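Engineer: Quick one: the structure is below, questions incoming.
Every number in this text was worked out from the coordinates using simple rules, so none of it is lab data. All of these numbers come straight from a predicted model, not from anything done at the bench. Note that each Cβ is placed from the backbone with ideal geometry, even for glycine, and that neighbours are counted across all protein chains shown.
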Amino acid sequence: MSTIVSPSLLAADFANLQRDVELVNESAAEWVHIDVMDGMFVPNISFGIPVCEAINRHAKVFQDVHLMIEEPGKYVEAFRKAGADLITVHYEACRHLHRDIQLIHSTGAKAGVALNPHTPVAVLEEVIEDLDLVLLMSVNPGFGGQKLIPGIYDKVQRLKELIEKKNSKALIEVDGGVNADSAPKLVEAGVDVLVAGSYVFGSEDPKATIQQLNEL
Ligand code: DX5
Ligand code: ZN
């Protein structure tokens, strides 16, 4: 068994983005995690469509785009054109979530929905069968390098139960505070995809760190 690792470029060196994308290409990571923030949905601004296009010119791995923006439906096609293989929108940012999921699929991308720490998994009951992935935030979104909220382990189990009950194919991704201590417990709880930013890019040997997460 191996775990999909999605290193978050939010913790990369933005002045050496090509180098860090190539590092991910050469590592055991199958995915790369791309965090888009608008300063409205979250209290921080990261980068937008032109930077995603630049990443796409170098990335050889599956591009996992996490939209932390208001009204994400307006930008789905643009992010797909910029190279997104999976587009994840926040439940809390979508007035018409079902429509946004259909819109993502209509572009040919995989569709994910992210839940903030305070949002119960039960809100996905009516859409879970349509989803390729559910992203559970294990920190409040907006910043890298935060400490994981421990309630995440039980939440992963509740999501797993919902996925099984509805016979959904959705993968479970966890984002925020993933490190040597939390990662094995998350995988044990049923996580399929680990996002890791500061733990990977802040380590002495990012490729070895990715390898270690992949082997869980
Ligand atoms: C936070 C982002 C994360 C972030 C995780 O809002 O969604 O993807 O990069 O960073 P770490 O792994 O450092 O907690
Ligand atoms: Zn993220």
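Engineer: What distance in nm separates the simple spin-label points at GLN18 and ALA208, each placed 7 Å from Cα in the Cβ direction?
Structural biologist: 2.8
Engineer: By its C-alpha gyration tensor, with a ≥ b ≥ c as the square roots of the eigenvalues, how is segment 1-58 shaped: rounded for a/c under 1.5, else prolate for a/b larger than b/c, else oblate?
Structural biologist: oblate
Engineer: While we're on this one: Quick one: length gained pulling GLU53 to GLN102 fully straight, 0.36 nm per residue minus the C-alpha distance? It would help to have the intermediate numbers written out before the result.
Structural biologist: On the way: separation 49, 0.36 × 49 = 17.64 nm, distance 2.32 nm.
Extending this stretch completely gives an extra 15.3 nm.
Engineer: Kindly write out, for segment 193-203 in residue order, the coupling ³J(HN,Hα) from the Karplus curve 6.51 cos²θ - 1.76 cosθ + 1.60 (θ = phi - 60°), rounded to whole Hz, with x marking Gly and Pro.
Structural biologist: Once rounded to whole Hz, the list reads 10, 9, 8, 9, x, 5, 5, 7, 6, x, 8.
Engineer: For segment 99-202, give the magnitude of the charge dipole about the Cα centre (Cβ charges: +1 Lys/Arg, -1 Asp/Glu; no others), in debye to the nearest 20.
Structural biologist: The dipole magnitude comes to about 120 debye.
Engineer: Straight-line reach only, C-alpha to C-alpha below 16 angstrom: list the lysines that LYS165 could link to, leaving out same-chain residues fewer than 8 apart.
Structural biologist: LYS155
Engineer: Moving on to the next point. Suppose each label sits 7 Å from its Cα in the direction of the beta carbon; what would the ARG95-PHE62 distance come out to in nanometres?
Structural biologist: With each label placed 7 Å out from Cα toward Cβ, I get 3.3 nm.
Engineer: Here is a follow-up. Once amide H atoms are built 1.01 Å from N in the peptide plane, which residues 5 or more positions from LEU171, or in another chain, come under 5 Å H to H?
Structural biologist: Sorted by chain and number, the residues that satisfy this are LEU133, VAL134.
Engineer: Could you tell me which residue out of PRO72, LEU9, THR119 lies farthest along the dipole of the chain toward its positive end? Charges go on the beta carbon: Lys and Arg +1, Asp and Glu -1, centred on the Cα centre.
Structural biologist: Result: PRO72, furthest along the dipole toward the positive end.
Engineer: Which value, in Å³ per residue, describes the convex hull spanned by the Cα atoms of segment 32-87?
Structural biologist: Per-residue hull volume (Cα only) is 63 Å³.
Engineer: Excluding same-chain residues fewer than 8 positions from LYS147, which aspartates and glutamates have a Cα within less than 16 Å of its Cα?
Structural biologist: ASP175, ASP181
Engineer: Whole-Hz ³J(HN,Hα) for each residue in segment 156-163, computed from phi via Karplus 6.51 cos²θ - 1.76 cosθ + 1.60 with θ = phi - 60°, x for glycine and proline: what do you get?
Structural biologist: Computed from phi, the couplings for segment 156-163 are 4, 5, 5, 5, 4, 4, 5, 4 Hz.
Engineer: Across 10 Å bins from the origin, how do the percents of Cα pairs in segment 94-140 run, short distances first?
Structural biologist: Per 10 Å bin, starting at zero, the Cα-Cα P(r) for segment 94-140 comes out as 26, 57, 17, 0 percent.
Engineer: Evaluate segment 18-137: find the radius of gyration of its Cα atoms, find its Kirkwood radius, and give the ratio Rg to Rh.
Structural biologist: Using Cα coordinates only, the ratio equals 0.96.
Engineer: Quick one: which residues, 5 or more positions from PHE41 or on another chain, have an amide H under 5 Å from its amide H? H modelled 1.01 Å from N in the peptide plane, none for Pro or chain starts.
Structural biologist: Sorted by chain and number, the residues that satisfy this are GLU70.
Engineer: Name the long-range amide H neighbours of SER8: under 5 Å, sequence gap of 5 or more, or other chain; modelled H, no Pro or chain starts.
Structural biologist: Distant-sequence amide H within range of SER8: HIS33, ALA196, GLY197.
Engineer: Aspartates and glutamates within cross-link reach of LYS81: Cα-Cα under 14 Å, excluding same-chain residues under 8 positions apart?
Structural biologist: Of all the aspartates and glutamates, those that pass the test against LYS81 - Cα under 14 Å, at least 8 places apart if same chain - are GLU53, ASP64.
Engineer: Quick one: of the DSSP bridges fully inside the chain, what percent are antiparallel, nearest 5?
Structural biologist: Antiparallel bridges: around 5 percent, rounded to the nearest 5.
Engineer: Under Stokes-Einstein, with the Kirkwood radius over Cα pairs standing in for Rh, what whole-number D in µm²/s applies to the chain at 25 °C and 0.890 mPa s?
Structural biologist: 145
Engineer: Run the simple label-point estimate for LEU216 and MET40 please: 7 Å along Cα→C-beta, distance reported in nm.
Structural biologist: Going from the LEU216 label point to the MET40 one covers 3.4 nm.
Engineer: Rounded to the nearest 500, what is the 222 nm mean residue ellipticity of the chain from helices alone, with -39500 (n - 2.57) per DSSP H run of 4+ residues and division by all residues?
Structural biologist: Calculated at 222 nm, the ellipticity per residue is -9000 deg cm²/dmol.
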